[in-house]
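For reference, the structure discussed in these notes is given below.
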Amino acid sequence: MERALYVPGPVPLPEPVRQAMLQPMLSRRSPDFSEIIIDVTKKLKDLTKTSTNSILIPASGTGAMECALQNILSPGDKVLALPCGVFGNRFAEIARRLGAIVIEENIDWGEGVDLERLPSLLRSNPSLKAILVTHNETSTGVVNPVQEIAAVIPENGPFLVVDAVSSLGAIPCYPEEWRFDALVSSSQKGLLCPPGIGLVWFSERVWDLVEKRGNSIGSYYFNLLDHREMLNLPLPTNPYTPPMSLYFALQASLDYISKESFDSWFIKKAEAAKIFVSGIQALGLEPFVEDPYFRSPAMSVVRIPNEKATSVQKDLRSFGIEIAAGMGQFKEKSVRIAHYHDGAHSETLMILSALYVSGKRNGIVVNDHFLKELQEYISM
Ligand code: PLP
């Protein structure tokens, strides 16, 4: 049975994206493929509102995180990590394995970065090379206020490096406008593509550092200087064979997302997530993130009482709906549901109805009147 896929990546692919991947192979050094590189990088500049290119590498999100830090960090550099879930912890661990001294300021799961604490953290940790933050923490459904975080960091202060793996394409994320230094992401979530392309964008300040470091950057494949040089040629190319079918897919998915405009796509995501959370509350369940300010427009995490999350996940699978289990210590206490695709009300209603039936089966108190209440939100 083909299941309706609502895990926070990989996501169901829009038909034009699937079709795009059927294109025949080209010579990777041909002008035809250069045209595709030019088009994709231009569309990514529009999406991120940047004046310079993002570098695409053959990697998942973790590869893009490691690639960015490998280019920025030298052993002994001091880094402040602000993890609020699994992926923030991963970012800190990558920095540690690259030899950085990592100061971790752990944030309770379900909460985001406390802007009021940041100035004192910066004062008590001088000479930081970088600050690591997760834009959308996919283990908890928290979206961090990256723009506001960037505004607290002094000009020429530490580099703010942002993991936008589960936000880019679904939530606005504008590194130049918000004045942060590095963005990493990947293809299989908000960008509505299959997994396999990682994306790294650096500010001019970071590129200056990378140029100074040159070959002392420990990686050959992920030294981004070669990638940038080839991307900036009049007929751009890649230093190593790129995953060409995924470029075709990304070109189609960026067209799909921006059909009306990127802005209206973001608004649609945010509305769908809000209605979904209203439905969850109407059911009598709770969103994992208490404060609406920190709730993700890209995906929702729902608390499941009585440690029944695996059982609920199994029920939904048997109904043909694939959702994700909770993560870490909340594996049995939460489920995670994505809103990346063209989330229509029918899909929200389908998942909520499935959660209602599963709730009844699992002895979880769910509201019989949830549809009536939800109907009022949907007709708003
Ligand atoms: N960062 C975030 C916020 C994520 O959600 C994920 C994956 O879910 C990753 C990093 C790791 O990405 P990947 O699994 O593509 O390596």
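The values are calculated or read from the model by the stated rules, or taken from the named source; none is laboratory data. Keep in mind the model is a prediction, meaning the values are calculated, not measured. Reconstructed Cβ throughout: ideal geometry from the backbone, glycine too, with neighbour counts over all protein chains shown. Accessible surface is based on the protein model in full, side chains and every heavy atom, while ligands, DNA and RNA are left aside. Shrake-Rupley method; radii C 1.70, N 1.55, O 1.52, S 1.80 Å.
Tabulated results
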item	result
Residue list for region 271-301, restricted to those being open to solvent by less than 40 Å² (accessible area, probe 1.4 Å) and part of a helix (DSSP H, G or I)	272, 273, 275, 276, 277, 278, 279, 280, 282, 283, 294
Extreme residue, most open to solvent (accessible area, probe 1.4 Å), among residues of region 302-334 that are part of a loop (DSSP other than H, G, I, E, B) and not basic (Lys, Arg)	319
Any pair with Cβ under 7 angstrom, 6 or more apart, that starts in region 115-139 at a residue that is under 26 Å from residue 61 (Cα atoms) and near the ligand (Cβ under 10 Å from one of its atoms) and ends at one that is open to solvent by 30 Å² or more (accessible area, probe 1.4 Å) and aromatic (Phe, Trp, Tyr)	134/87; 137/87; 138/87; 139/87
Residues located in region 63-93, provided they are open to solvent by less than 30 Å² (accessible area, probe 1.4 Å), within 16 Å of the ligand (Cβ to nearest atom) and closer than 16 Å to residue 221 by Cβ	63, 64, 65, 67, 68, 69
The one condition in (1) away from the ligand (no atom under 16 Å from the Cβ); (2) in a helix (DSSP H, G or I) that residue 238 fails to fulfil	(2)
Among residues of region 32-62, those that are open to solvent by 20 Å² or more (accessible area, probe 1.4 Å), in a helix (DSSP H, G or I) and within 16 Å of the ligand (Cβ to nearest atom), counted	1
Residue list for region 94-113, restricted to those being more than 20 Å from the chain's Cα centre (by Cα) and open to solvent by 50 Å² or more (accessible area, probe 1.4 Å)	96, 97, 101, 104
Evaluation of residue 345 against (1) at pLDDT 95 or above; (2) touching a helix residue (DSSP H, G or I) at 6+ places or on another chain (Cβ under 9 Å); (3) closer than 28 Å to residue 188 by Cα (one fails), failing number	(1)
Search result, residues across region 71-88 that are farther than 12 Å from residue 138 by Cα and touching a helix residue (DSSP H, G or I) at 6+ places or on another chain (Cβ under 9 Å)	71, 72, 73, 74, 77, 79, 80, 81, 82
Close pairs from region 151-167: first touching a residue at least 24 places away in the same chain (Cβ under 8 Å) and among the acidic types (Asp, Glu), partner within 16 Å of the ligand (Cβ to nearest atom) and part of a loop (DSSP other than H, G, I, E, B), Cβ under 7 Å, at least 6 apart	163/135
Which listed residue is farther than 20 Å from residue 209 by Cβ and either at pLDDT 95 or above or under 16 Å from the mean Cα position of the chain (by Cα) (or both), from 65, 21	21
Identity of the residue in region 238-262, over 12 Å from residue 28 (Cβ atoms) and of a type in the set (S, T, N, Q), that ends up surrounded by the most Cβ atoms within 10 Å (Cβ to Cβ)	253
Residue check, residue 9 part of a loop (DSSP other than H, G, I, E, B), free of Cβ contacts under 8 Å to residues at least 60 places away in the same chain and either under 23 Å from residue 122 (Cα atoms) or not hydrophobic (A, V, I, L, M, F, W, C) (or both)	no
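Residue-by-condition table, conditions (1) more than 21 Å from the chain's Cα centre (by Cα); (2) surrounded by 15 or more Cβ atoms within 10 Å (Cβ to Cβ); (3) in a helix (DSSP H, G or I); (4) without any contact (Cβ under 8 Å) to a residue 40 or more places away in the chain:
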| position | (1), (2), (3), (4) |
| --- | --- |
| 336 | no, yes, no, no |
| 354 | yes, yes, yes, yes |
| 359 | yes, yes, yes, no |
| 364 | yes, yes, no, no |
